[in-house]
Amino acid sequence: MDALIDILTREDSDAPLELAALELATIEFPKLDPGPFIDILDSYANEIDERMRMEYDGVERLQVLHEFLFREQGFTGNEQDYYNARNSCLNEVIASRTGIPISLCVVYMAVAERLEMPVFGIGLPGHFLCSYEDEGFKTYIDVFHQGTLMTGEECLDFAKTLTGMDLSATPQLLQPVTSRQIIIRMLNNLRSIYLRGKQFPKASQVLDLLLQASPSDADSYILRGAVNVELKKFQAARSDFESYLALMPEARDRDRVVEQIAIIDRYLSRRG
């Protein structure tokens, strides 16, 4: 998981985002070999590059890219099974050509980067987009909806529809996000899915990675402590609860966490 750890621990990492995303998918697919999927992305870029002409402007380049990815390859959002963990696994997204907004955008950005196109990720609340910007043309791209082009105002209106919040005064939401922010958002998606499905071993792996990215994240400690209780890793759970209290000495749930530590101590003393 070299690329994944590098991106999580270094804001200026130049590790390939798509490789890190494929390494992340090994939580769901432990035997996954990223190589064949990197080769597919390379082949996509090579095919598209053969159709490009030197004189094409940004609009024309996007048209060629979209014709290939959305019309020919059929990449689209998975609205029927949105909360399936496989939608966050880049190998499955490439194989099935369906996914959630952020994983589809990782595919889109990986292909665009190989074509030296100025495409970036945009992390709106409730949705993830891409942006394209060169000297003569700027637009936002909804990859989940087959490459629909949007203005900045339309993006914020769409986010308002999804969240119920008026975001018109926060145009900074349309600024590109880093690879680290993208991977953390993917991890948070998987965390929610695995916790909801009570898939505690996988949730534990996700929380380990989130704490590598943010070692002072109190919420991840309390969640990992609860997961470790479910996994009967009581010493590890106790350590996580203590870390949470050290980071949040005035936590509203302090008494409950202290009691949980006491329960673990009584259990361990009986075993001892």
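The values are calculated or read from the model by the stated rules, or taken from the named source; none is laboratory data. Source: prediction; values computed, not measured. In this analysis, Cβ positions are derived from the backbone assuming ideal geometry, glycine residues included, and neighbour counts consider all displayed protein chains.
Structure values in brief
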| quantity | calculated |
| --- | --- |
| Sole residue being within 25 Å of ILE193 (Cβ to Cβ) and either among the aromatic types (Phe, Trp, Tyr) or part of a loop (DSSP other than H, G, I, E, B) (or both), chosen from TYR82, TYR44 | TYR82 |
| Residue match in segment 186-206 (condition: of a type outside the set (Gly, Ala, Ser), closer than 21 Å to LEU104 by Cα, out of contact with any strand residue (DSSP E or B) (no Cβ under 6 Å at 6 or more places or on another chain) and surrounded by fewer than 17 Cβ atoms within 10 Å (Cβ to Cβ)) | yes |
| Selection status of PHE158, free of Cβ contacts under 8 Å to residues at least 60 places away in the same chain, of a type outside the set (Ser, Thr, Tyr), in the same structural domain as MET52 (by TED's automatic domain parsing) and in a strand (DSSP E or B) | no |
| Residue match in segment 210-231 (condition: part of a helix (DSSP H, G or I) and touching a residue at least 60 places away in the same chain (Cβ under 8 Å)) | yes |
| Cβ-Cβ under 7 Å pairs, at least 6 apart or on other chains, segment 1-24 side assigned by TED's automatic domain parsing to the domain that holds ILE40 and within 18 Å of SER214 (Cβ to Cβ), far side at pLDDT 95 or above and in a loop (DSSP other than H, G, I, E, B) | ASP6/ALA15; ILE7/ALA15; GLU11/THR178 |
| Verdict on PHE137 being of a type outside the set (Asp, Glu), at pLDDT below 95 and either surrounded by 20 or more Cβ atoms within 10 Å (Cβ to Cβ) or within 19 Å of ASP57 (Cβ to Cβ) (or both) | yes |
| Complete set of residues in segment 176-196 that are out of contact with any Ser or Thr (no Cβ under 8 Å at 6 or more places or on another chain), in contact (Cβ under 8 Å) with a residue 24 or more places away in the chain and farther than 20 Å from PRO16 by Cα | ARG191, TYR194, LEU195, ARG196 |
